[in-house]
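What follows is a short report on a single structure.
The values are calculated or read from the model by the stated rules, or taken from the named source; none is laboratory data. Keep in mind it's a predicted model, so treat the numbers as computed, not measured. Neighbour counts run over all protein chains shown; Cβ positions are idealised from the backbone, glycine included.
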Amino acid sequence: MIKLKVSIITACYNSASTIKGTIESVINQTYNNIEFIIIDGASKDGTVDIVSSYGEKISKFISEPDKGIYNAMNKGIRIATGDIVGILNSDDFFNSTEVIQKIVDEFNKSDIDALYGDVQFVKPNDLQKVVRYYSSKNFNPKKFKYGFMPAHPSFYVKRTFFEKIGYYKETYIIGADYELLIRFLHNNKLKSKYLQMPFVTMRTGGVSNRSLKSNLILNNEIIRACGENGIKTNIINVYSKYFIKIFELFSIKQ
């Protein structure tokens, strides 16, 4: 059996306080056929020095001005050579050293195009305390109209589908991952599977959940993404997801 190559893309900008943990969680994976690509937006806080210090442990490293996080992600995907591609944000880290091995095992034994799982959230000053657990278990494509999607940091897909279906739409501010998942899982019906385990640990306060303004932008972009892809929805549908999230607070895995 040919050993699958997994390309992990990390986009970063001024991430000196967190990038080391992200890198360590990749290079310490038990699976050894990983292409780790870091796309930096010309950081000025020491991020470049930290990444450079890892030398050949980073497969490809580009540091130059970009047009935002989705532009950086696309840049990384376009130079990737792996069979499977996943995104790891620069303030996130893998939940265990065996995550990629388990992902590859599922692709090897199942006839699937894509895989997704769960993520957990911790406070930036206490990485051991889980404050929210995002489970993708009950997701199905019909839920896109209600603002639900699989946890994007847990989404792994065969690289060729980016070439066939398209990349992240860079005209979005926060919601390009939502729009891309609609195209991949709803419109093109990629064969996907849910793997019940936390793939990634995320610090609270990320781009899409740190302020009321960000949430307003995200929800407007969710409605836009649905409309652009033929899914009928409205503000009431999308905002109804917050009632579900309240119950998540009572089901955090300790």
Legend entry - Selected residue [of a type in the set (Ser, Thr, Tyr), touching an Asp or Glu at 6+ places or on another chain (Cβ under 7 Å) and in contact (Cβ under 8 Å) with a residue 12 or more places away in the chain] from TYR133, TYR156: TYR133
Inset, instruction - Please report, ordered by residue number, the strands (runs of 3 or more DSSP E) entirely within the stretch 91-202 with at least 2 residues that are among the hydrophobic types (A, V, I, L, M, F, W, C) and either out of contact with any His (no Cβ under 8 Å at 6 or more places or on another chain) or surrounded by fewer than 19 Cβ atoms within 10 Å (Cβ to Cβ) (or both). - result: 92-94, 114-123, 126-134
Inset, instruction - Find all pairs meeting these conditions: Cβ atoms under 7 angstrom apart; at least six residues apart or on different chains; first residue within the stretch 22-46 and touching a residue at least 40 places away in the same chain (Cβ under 8 Å) and of a type outside the set (A, V, I, L, M, F, W, C); second residue part of a helix (DSSP H, G or I) and buried (at least 22 other Cβ atoms within 10 Å of the Cβ). - result: GLN29/VAL99; GLN29/ILE100; TYR31/ILE100
Inset, instruction - List the number of the failed condition for THR47; all other conditions in (1) more than 18 Å from the chain's Cα centre (by Cα); (2) surrounded by fewer than 22 Cβ atoms within 10 Å (Cβ to Cβ) hold. - result: (2)
Inset, instruction - Would you mind finding the one in GLY41, GLY68, GLY21, GLY86 that is surrounded by 15 or more Cβ atoms within 10 Å (Cβ to Cβ) and under 21 Å from LYS158 (Cα atoms)? - result: GLY86
Inset, instruction - Looking only at the stretch 170-178, decide whether some residue is among the small types (Gly, Ala, Ser) and at pLDDT below 95. - result: no
Legend entry - Residues located in the stretch 1-18, provided they are among the hydrophobic types (A, V, I, L, M, F, W, C), modelled with pLDDT of 95 or more and either over 12 Å from SER90 (Cβ atoms) or surrounded by 23 or more Cβ atoms within 10 Å (Cβ to Cβ) (or both): LEU4, VAL6, ILE8, ILE9, ALA11, CYS12
Inset, instruction - Identify the residue in the stretch 50-65 that is among the β-branched types (Val, Ile, Thr) and in a helix (DSSP H, G or I) and, among all such residues, is surrounded by the fewest Cβ atoms within 10 Å (Cβ to Cβ). - result: ILE50
